[in-house]
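In what follows, a single structure is set out as structure tokens and then discussed.
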Amino acid sequence: METIDKRKRNLVILVILFSLLIFLFEIIPGLFENVSLLAEYIKRTAGAGDAAEVTYRLKNAQSENHALKSALGGIVTEYEENSAFSPLLILLNDLAERSGLDIMHLRPGPAERQKDLWLQPVEIEMEGSFEEFYNFNRFLENSGKVITVKKCEIKKDKGKKLKITAQLDIYLNLSGRKG
């Protein structure tokens, strides 16, 4: 009986030692590698550099933005002038994507204050089928924003494609915006 207990004990010790060996040579090096990669990532992202480098990067980004603005003709806007347009761009792009329409041009007009709300006019040019345009309108209706279609022009293109130009008025509640 005593020899069976010794065998079990020796077997348990062997399994524990084997597990420790695997842990030492397989798991710990992987952990060190992950920790070193994480430390390197933190250094890269957190280390923006000194003030001169940040200023240099900012000036480069501004010049690139200016070049993009002139190349795209109004699609890229100054954030200070149209701070509320970015969420609208995301909303309209998402609705068009969900409905299957292709946005060709998107031009924001100047925002105007109307009582307690701001009115953001937007002209949007799209291509797609009638069904896709219908779905886009349904998504607009259910978007939770107050959006009115001021003018809509539909022209038939080659095949089943339609060229759609719509002028939208989007009402926004921008508390704290000067006007």
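The values are calculated or read from the model by the stated rules, or taken from the named source; none is laboratory data. As the structure is a prediction and not an experimental result, all values here were calculated from the model. Ideal geometry is used to build each Cβ from the backbone, glycine not excepted, and the neighbour counts take in all protein chains shown. Heavy atoms of the whole protein, side chains included, go into the accessibility calculation; ligands, DNA and RNA do not. Shrake-Rupley method; radii C 1.70, N 1.55, O 1.52, S 1.80 Å.
In region 112-139, the qualifying residues are those that are outside any strand (DSSP E or B) and touching a Leu at 6+ places or on another chain (Cβ under 7 Å), and the one that is nearest to Lys161 (Cα to Cα) is Ser129.
Please verify whether region 88-99 includes one or more residues that are part of a loop (DSSP other than H, G, I, E, B) and at pLDDT below 90. No: region 88-99 contains no residue that is part of a loop (DSSP other than H, G, I, E, B) and at pLDDT below 90. The numbered conditions (1) of a type outside the set (Asp, Glu); (2) open to solvent by 80 Å² or more (accessible area, probe 1.4 Å); (3) not in a helix (DSSP H, G or I) are all true for Leu168 except (2). For region 100-109, filtered to residues that are not aliphatic (A, V, I, L, M) and not in a strand (DSSP E or B), the residue that is surrounded by the fewest Cβ atoms within 10 Å (Cβ to Cβ) is Gly100. Does Arg138 meet the test of being within 15 Å of Leu89 (Cα to Cα) and either open to solvent by 50 Å² or more (accessible area, probe 1.4 Å) or of a type outside the set (Phe, Trp, Tyr) (or both)? When the stated conditions are applied, Arg138 does not pass them.
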